[in-house]
1. Pick out, from segment A:109-202, the strands (runs of 3 or more DSSP E) lying fully within it that include 1 or more residues that are closer than 30 Å to residue B:287 by Cα and within 12 Å of another protein chain (Cβ to nearest Cβ).
2. Given (1) in contact with a helix residue (DSSP H, G or I) (Cβ under 9 Å, 6 or more places away or on another chain); (2) in contact (Cβ under 8 Å) with a residue 40 or more places away in the chain; (3) open to solvent by 10 Å² or more (accessible area, probe 1.4 Å), where does residue B:273 come up short, assuming only one miss?
3. Does segment B:371-397 hold any residues that are part of a helix (DSSP H, G or I) and either open to solvent by less than 40 Å² (accessible area, probe 1.4 Å) or touching a residue at least 40 places away in the same chain (Cβ under 8 Å) (or both), and which are they?
4. Could you tell me which of the residues B:26, B:63 is open to solvent by less than 60 Å² (accessible area, probe 1.4 Å), in contact with a Phe, Trp or Tyr (Cβ under 8 Å, 6 or more places away or on another chain) and more than 21 Å from residue B:209 (Cβ to Cβ)?
5. Check residue B:11 against each of (1) of a type in the set (Gly, Ala, Ser); (2) within 14 Å of chain A (Cβ to nearest Cβ); (3) open to solvent by 10 Å² or more (accessible area, probe 1.4 Å) and name the one condition it does not meet.
6. Of the residues that make up segment B:265-284, is at least one at positive phi and within 14 Å of another protein chain (Cβ to nearest Cβ)?
7. Does residue B:346 qualify as being crowded, with 24+ Cβ neighbours inside 10 Å and either within 14 Å of chain A (Cβ to nearest Cβ) or touching a residue at least 40 places away in the same chain (Cβ under 8 Å) (or both)?
8. Report, by residue number, each residue of segment A:134-176 that is over 18 Å from the mean Cα position of the chain (by Cα), farther than 15 Å from residue B:21 by Cα and among the basic types (Lys, Arg).
Amino acid sequence: MMHNGKISSDKRHEIMALESYIRAVLKEKDILLMTHLIIGYPSFEECFRLIDVMVGAGVDLMELQIPFSEPIADGPVILRANHMALENGVTVQGCLDFARSVIRAFDIPFLLMTYYNIPFTYNTSAFVSAMAKTGLKGAIIPDLPPEEGHDYLEAMQKEGLDPIVIFSPTTSYERMKYLDSFARGFIYCVARRGVTGGDTILSEKLIFYLGLCRKASNLPLALGFGLKEKADMVFLKGKADIAVMGTQTIRTMEKEGIAAVGEFIRRLR
Amino acid sequence: MNSRGYYGEFGGAFIPEILISTFEELVDEFEKAKADPAFWQKYMHIMSTYSCRPTPLTFAENLTSLFGGARIYIKREDLNHTGAHKANNVMGQGLLVKRMGKTRVIAETGAGQHGVATATMAARFGFRCTIYMGEVDIERQRPNVFWMERLGAQVIPVRDGTRTLKDAINEAFRDWVTNMHDTHYVLGTACGPHPFPEMVSYFQSIIGEEARGQIIEREGKLPSRVYACVGGGSNALGVFSGFLDDPVQLVAVEAGGKGLNTGRHAARLSSKDASVGVAQGYKTYFLQDSDGQMKKTHSVAAGLDYVGVSPILASLWQEGRVRFESVMDSEVLDAFSLTLKKEGLVPALESAHAFAQAFKEAPHLSSDDIILINQSGRGDKDIFTVADAYNDAQWQDFIRQKARDYGP
């Protein structure tokens, strides 16, 4: 499958590290778009169609979330999606199998998002090996600060996967530098306090924060939490490298169906 | 962060980045308060003038002669202001909130006792207050919801997940990650990320300190066994902490619910159903499936109906220092009735778990032995649950009449 028809090498990301992929895309686009879905919500089949629609509409990167019963950093929309996926009987193995089939079918890099109990219960190093075999590029684990993540970080290093590190507006510059020392791929910058899906005010304060993040890390910056529309993308161009649309695409799917998500994403550019 | 609060392999601080600086501030303030002798003095002053410390130690003469074994003493945490040991922790954290200059407090609550205690502290200290409570618990603990609201707190029903204590904790964390600049989360039990297990145990240690002094004064010797119920573990750690270095058996009693083989219970360490996991910001034994998804729990007592257990208790259990047992709902109700009729004491259904286990063991001990039961709270709040359990016809008539009075 071709990616936006612009780059000639098929499946180019497979041979490319995540960071190089991001930098290559940045030569063609002002900003990358990353979206998020909860594996098994509303169903595996619908997730697959959703990914197809998103990739077709020009999404550059995607987070696949393995549902967890206690998703502490997620707001109401993603929280409910987690619980509904689990009620549908989604298992961790089912999620990894799904990720494998998605990665075979679509030519963009995929990341895993979940909470630490999932890899911990599976056995952290075995889980990271399974991720690598699946073809995932990296992982975001919001409840695992590096102070608690020794086993995980070591396993990610060994398997050549990128642990995506999170910065927040309450993170000091010194701590940003510390976090950056564990980071690969890109930095996930949380735009504001709160959980996923609330409103984010695009402001001078946000510009200052992104400037601080840029100073603390040489990696590309993704900005997430609460982005909703084209104006957000326009605002972020030149300030961040990746815009993350998590909750809003899920809301669009819930209200208007999967096809409408494609329209929504096209309108963002 | 330097100190990460591990007890053996349990504990830690598995928190989102957005909360790291808030936890650093809290750890820092707690360390400073601990090092300040004036802080504990101030705490003791409040607890003795606003609450009822020291709480009495009651000799249960009638129960002792009924069982004909060990001499039974009861530590009366039900006589704290707001009717449970929860006040010890809440007033202590309230003093910390003042030191940090914050103006709003939030809390989770299961049985409602911690919610009422927090709402009371907020009223006294002039803080705004929001309480998160699972919908299932709201249904079974309406009187406490009524009092929280009268005290000026906002009570938010939690409709996600199992709609019980763990979901209320998640929701309180979601509030906190949004409002930590002016808000402190008054976690009610010795669980959650560091420093909560240590901090809650620190304030609750007043129970054990008093109890040890009282029993030695009365009997001139230590008890053979100390019993406490365990939901998260705060009252158990409170009373146990006074006897950790003594040759005293410490018995923690979990909710056996409908029975350990039914899967409908909340027994983490006394059943084989739990395994080590990481959730709600800390590592401990959780009742979870093989994928790490939390299971539904059950107990007649909302305050024990929880998937995890204090990392400090998990460690003490692993070292063999604390013995874990469980009792079934039906045994709890029997112990509750017996305590009412024989001693005129009304233990909370949570506390009645400790009584039930103590009653099983007391007859096998000699009259030289002393046992001490922590009555962590009073049972008035359980009026609806108890009335249902006894199928009390007159109570049902009263409720029907009351409903008619309110109109359609």
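1. Values: elements: A:110-113, A:138-140, A:165-167, A:187-190.
Where strands (runs of 3 or more DSSP E) fall fully within segment A:109-202 and carry at least 1 residues being closer than 30 Å to residue B:287 by Cα and within 12 Å of another protein chain (Cβ to nearest Cβ), they are A:138-140, A:165-167.
2. (2)
3. Step one: list which residues in segment B:371-397 are part of a helix (DSSP H, G or I), which gives B:380-389, B:393-397.
Hits for segment B:371-397 are B:380, B:381, B:382, B:383, B:384, B:385, B:386, B:387, B:389.
4. Numbers: B:26 fails: in contact with a Phe, Trp or Tyr (Cβ under 8 Å, 6 or more places away or on another chain).
None of the other options fit; the residue is B:63.
5. (3)
6. If we filter segment B:265-284 for residues that are at positive phi, which is where we start, we get B:280-281.
Narrowing the set further to residues that are within 14 Å of another protein chain (Cβ to nearest Cβ) leaves B:280-281.
Yes, segment B:265-284 has at least one match.
7. Working: crowded, with 24+ Cβ neighbours inside 10 Å: no; either within 14 Å of chain A (Cβ to nearest Cβ) or touching a residue at least 40 places away in the same chain (Cβ under 8 Å) (or both): yes.
No.
8. A:158
The values are calculated or read from the model by the stated rules, or taken from the named source; none is laboratory data. Worth saying up front: this structure is predicted, and the values here are computed from it rather than measured. Neighbour counts are summed over all protein chains in view; Cβ atoms, including those assigned to glycine, are modelled from backbone coordinates with ideal geometry. Heavy atoms of the whole protein, side chains included, go into the accessibility calculation; ligands, DNA and RNA do not. Shrake-Rupley method; radii C 1.70, N 1.55, O 1.52, S 1.80 Å.
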